[in-house]
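K.L.:
My questions will all concern the structure given below.
Read-outs: derived from the displayed coordinates by stated rules, not from any lab. A quick note: this is a predicted structure, and the numbers were derived from the prediction, not measured. Here the Cβ positions follow ideal geometry from the backbone for every residue, glycine too, while neighbour counts run over all protein chains shown.
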Ligand SMILES: C[S@@+](CC[C@H](N)C(=O)[O-])C[C@H]1O[C@@H](n2cnc3c(N)ncnc32)[C@H](O)[C@@H]1O
């Protein structure tokens, strides 16, 4: 099923909706609200929406996330609606510069609340056993110290 996340009909209701790298594609605050409403239409009461936004304290050091396959091109003073540039490094291939939109936590919180999603809270990610086994714990130190994303969890009342 492929559709605009800002205009989804009821497909559920589901216990969870997961939207990774989604809210950064809302071109306006209203689009954020519409995405939230699509989620709210599809989650049962008590169900949850798990999502993420760019972390406000994402590292600005050039190449910081290069070993994790991504490079960001960010203004020092990011504000709501600003463009976020990034390239993905996949093996020997580097994508052209891609773009998303930066939304502050306050704006996302108010938009999701307006959409009918409550109790927004941050989630602290943990290193998976697979990640530890495959690359070793030390590999992830920089990533865990300066997370590029802020993970969020909210509930439909
Ligand atoms: C960076 S990818 C992330 C894909 C996936 N969620 C993941 O984590 O691997 C962003 C995806 O969102 C899609 N996208 C952008 N705007 C959208 C919208 N309004 N509705 C649905 N999908 C959208 C893009 O086409 C792209 O496939």
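K.L.:
Is the stretch 1-53 rounded, prolate or oblate when judged by the Cα gyration tensor, a ≥ b ≥ c being the square roots of its eigenvalues, rounded requiring a/c under 1.5 and prolate requiring a/b larger than b/c?
P.N.:
Verdict is prolate for the stretch 1-53.
K.L.:
Determine the shape class of the stretch 83-157: with a ≥ b ≥ c the square roots of the Cα gyration tensor eigenvalues, call it rounded for a/c under 1.5, and otherwise prolate if a/b is greater than b/c, oblate otherwise.
P.N.:
Oblate.
K.L.:
Continuing with this model, one more query. Output the 0 to 90 degree angle, nearest 10, between the alpha-carbon long axis of helix 29-42 and the longest principal axis computed from the alpha carbons of the chain.
P.N.:
Helix 29-42 and the main axis of the chain meet at about 70 degrees.
K.L.:
In whole angstrom, note down how far apart the Cα centers of the stretch 22-70 and the stretch 108-157 are.
P.N.:
10
K.L.:
Within the stretch 104-140, name every residue whose backbone N is under 11 Å away from a label modeled 7 Å from Cα of residue 155 along the Cβ vector.
P.N.:
Taking a point 7 Å out along Cα→Cβ of residue 155, the residues of the stretch 104-140 whose backbone N falls under 11 Å are 118-121.
K.L.:
Rounded to the nearest angstrom and ordered from largest down, what semi-axes does the equivalent ellipsoid of the stretch 14-155 get from its C-alpha gyration tensor (root of 5λ)?
P.N.:
For the stretch 14-155, the semi-axes come out at 27, 19, 13 Å.
K.L.:
To continue, here is another question. Averaging sequence separations of C-alpha pairs under 8 Å and six or more residues apart, then dividing by the length of the chain, give the relative contact order as a whole percent.
P.N.:
Details: 274 pairs, mean separation 45.9, N = 157.
In percent, rounded to a whole number, it is 29.
K.L.:
Roughly how tilted is helix 105-114, in degrees to the nearest 10 and between 0 and 90, from the longest Cα axis of the chain?
P.N.:
Helix 105-114 sits at roughly 20 degrees to that axis.
K.L.:
Residue 133 to residue 30: FRET efficiency via 1/(1 + (r/R0)^6), r the Cβ-Cβ distance, R0 30 Å, to the nearest 0.05? Please list the in-between numbers first.
P.N.:
Working: r = 44 Å, r/R0 = 1.46.
Efficiency at R0 = 30 Å is approximately 0.10.
K.L.:
Could I ask something else about it? With runs of 4+ DSSP H residues as the only contributors, calculate the mean residue ellipticity of the chain at 222 nm using -39,500 (n - 2.57) per run, divided by the residue total and rounded to the nearest 500.
P.N.:
For the chain, the value works out to -6500 deg cm²/dmol.
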